Number of protein chains: 2
Amino acid sequence: MSQYWSKLVHRLEPYVPGEQPQDQAYIKLNTNESPYPPSPAIQRVLGTFAAENLRRYPDPQSGDLVTALAAYHGLGDDQVFVGNGSDEVLAHAFQALLQQDTPILFPDISYSFYPVYCALYRIDFERIALDEAFRIRVDDYRRGNGGVILPNPNAPTGIALTLRDIARLLEQNRSSAVIIDEAYVDFGAATAVPLIADHPNLLVTRSFSKSRNLAGLRLGYALGHADLIEGLQRVKNSFNSYPVDSLASSIGLASIDDEDYFQDCIRRIVASREKLVTDLRQLGFETFPSSANFVFVRHPDRNAEKLYFDLKSAGILVRYFGGARIDDCLRITVGSDDECAALISALASLLK
Amino acid sequence: MSQYWSKLVHRLEPYVPGEQPQDQAYIKLNTNESPYPPSPAIQRVLGTFAAENLRRYPDPQSGDLVTALAAYHGLGDDQVFVGNGSDEVLAHAFQALLQQDTPILFPDISYSFYPVYCALYRIDFERIALDEAFRIRVDDYRRGNGGVILPNPNAPTGIALTLRDIARLLEQNRSSAVIIDEAYVDFGAATAVPLIADHPNLLVTRSFSKSRNLAGLRLGYALGHADLIEGLQRVKNSFNSYPVDSLASSIGLASIDDEDYFQDCIRRIVASREKLVTDLRQLGFETFPSSANFVFVRHPDRNAEKLYFDLKSAGILVRYFGGARIDDCLRITVGSDDECAALISALASLLK
């Protein structure tokens, strides 16, 4: 607390990310990182990148990366915006598109950074309740709003909307921006990217952290109509001219180029997820249908917070959020098969 | 322009950085980059960094880097804040400390990003005129304000305030934050860091881009009282949990460790600057006393904008800003001795 803070700062309740212990002594199933290293091409980039290049500022528009992403998604260069992680991209999108006179809408159980952005940019919001099975009902978003944002699949539930549902949401919501946060889409949900062509108010955000195994690199992007992208550019260029460093650009390009490795990692994670779900159910957990690289679970007669602490004592980190409706739930990242087996073994002991 | 933009976006006039041509065919003396590569230790970091580490999120607090910077400056860890370039650090500082009810103050000729931040965060400001020799008169800042920000040395003039002037500014300004932007301080100005101990309202910002030859890396930091740093943390943690990627942290650490190389590059740049100033004066240019890695010049009977374009045609980029009071001036980055010689040769031809 300081007399020199702006009024805003006193009011902020910052986002709290999952624990990131630096000793890596835990089996870490708490922040949805990939159990696999990034593409082998990345190590080659590190081995050949000339440090000399770092004396120059990067391209402020990250042109090569934008072009590669545009080609990958079948869009124009002017439909792509890149940033320092999808959290930065989302922050700019809140300020550029969602800072409106009418409250914006997002699910009551969703990415807990959304209300934090709202506080940062003084945006009013309404939380729309998920149904009893923790599903988003798009018809509940049929009301006046300053914008809509939701993850697909949703976090921390992992439950995906169909493309048809997203299309219906867009049909009924033409006068404000709709942001679909696809941080986890590669693990099994349908992307909304094909809807961009017909919906000038649709912004899709993506991350390199999860499905490209590059959480440590901080690279995210947004896709949408060129006018929406220009709005993001205007905010970005009023905040930081060069958010993406030269190394991150080169590494991002190498990742995009290695489609086989990307698909292979996803296949492995999806297979591990299905086995993990089976094993958790055998232990008596209720699991929600996940299209992500994590599973959201609860046990009918065990306290979730206690399970979280007991697992931590056993050297395994998972995520416990607490709060209304989900204080009996845990979010568990899909690790390697060995990590999942260790988790199941630890849980079996704890539940005995 | 889009109906989906927030009102704010319509009003923004983004910062325009110096040209960053990607073909590198120019002699680039326009964005104050170093003519020298970063420390050889950086190439070694790239050669040994395990890409595997990138699958994990970085430490959200960049603890190792914070500790190294704190030790380097003789401060506590809680007095250091790191970010994705000093532009990001400044952006957060504007929102955390300068967003006040009373207008903030900065020089009329200064870093042109300051009014852009003000627009982004709806901060009123007054520009305080430099004197006729383009010097900051600290007594002119003796008036009610919501905060003061100024670069030392100033940009684009290169003129430094003495530590005594900064101390006087702080004595007369105890009820609002004072930010000293030391992006260029290593090239010959006195740092305000020793004043931090006695001034809880002083924030000093720094960059790895110029004196550490790492513009392409995007690393900057702020130093100040722990309460000010906490204010920055609160904004950062409401914006992006992990602004500094794992590679940037490792590279920054290696740069801090190689003090000899750092000092050697600075010595060479300062020597080149003195020669460049002599040569420019011989060509009839008026030069302002520079404590930075650039010189600010004007020619009594040549149009600066035309000189800028003629130099560009000759393959040399310098910076022409235009605007009130400085439309007859050019800002020229101190390059290698060969680059400076090429500039002098080109100017000699143009001035014939």
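The values are calculated or read from the model by the stated rules, or taken from the named source; none is laboratory data. In this text, all values refer to a predicted model and were calculated from it rather than measured experimentally. As a convention, Cβ positions derive from the backbone with ideal geometry for all residues, glycine included, and neighbour counts pool all protein chains shown.
Here is how the numbers come out for the structure above:
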item: Within the range A:187-207, considering residues that are without any contact (Cβ under 8 Å) to a residue 60 or more places away in the chain and within 21 Å of the chain's Cα centre (by Cα), the one nearest to the other protein chains (Cβ to nearest Cβ); result: A:ASN201
item: Hits in the range A:232-261 (condition: more than 7 Å from chain B (Cβ to nearest Cβ) and not in a helix (DSSP H, G or I)); result: A:VAL244, A:ASP258
item: Of the criteria (1) within 13 Å of chain B (Cβ to nearest Cβ); (2) of a type in the set (Asp, Glu); (3) without any contact (Cβ under 8 Å) to a residue 60 or more places away in the chain; (4) not in a helix (DSSP H, G or I), which one A:GLU33 fails; result: (3)
item: Residue selected from the range A:208-231 under the condition among the hydroxyl-bearing types (Ser, Thr, Tyr) and assigned to a loop (DSSP other than H, G, I, E, B), by the criterion farthest from the other protein chains (Cβ to nearest Cβ); result: A:SER211
item: Some residue of the range B:57-64 being assigned to a helix (DSSP H, G or I) and either assigned by TED's automatic domain parsing to the domain that holds B:GLN233 or in contact with a strand residue (DSSP E or B) (Cβ under 7 Å, 6 or more places away or on another chain) (or both); result: yes
item: Meets criteria (surrounded by 23 or more Cβ atoms within 10 Å (Cβ to Cβ) and either among the aromatic types (Phe, Trp, Tyr) or assigned to a helix (DSSP H, G or I) (or both)) for A:VAL82; result: no
item: Pairs where the first residue, in the range A:46-61, is under 28 Å from A:SER238 (Cα atoms) and the second is not in a loop (DSSP other than H, G, I, E, B), C-beta under 6 Å, 6+ apart; result: A:ASN53/A:SER246; A:PRO58/A:SER246
item: Qualifying residue in the range B:126-136 (condition: of a type in the set (Phe, Trp, Tyr), away from chain A (no Cβ under 14 Å) and assigned to a helix (DSSP H, G or I)); result: no
item: Filter pass, A:ALA119 being surrounded by fewer than 21 Cβ atoms within 10 Å (Cβ to Cβ), in contact with a Leu (Cβ under 6 Å, 6 or more places away or on another chain) and either in contact (Cβ under 8 Å) with a residue 60 or more places away in the chain or not assigned by TED's automatic domain parsing to the domain that holds A:ALA192 (or both); result: yes
item: Counted residues, the range B:278-322 - those being surrounded by fewer than 16 Cβ atoms within 10 Å (Cβ to Cβ) and free of Cβ contacts under 8 Å to residues at least 60 places away in the same chain; result: 12
item: Failed item in (1) crowded, with 21+ Cβ neighbours inside 10 Å; (2) part of a helix (DSSP H, G or I); (3) not hydrophobic (A, V, I, L, M, F, W, C), with B:ARG268 passing the rest; result: (1)
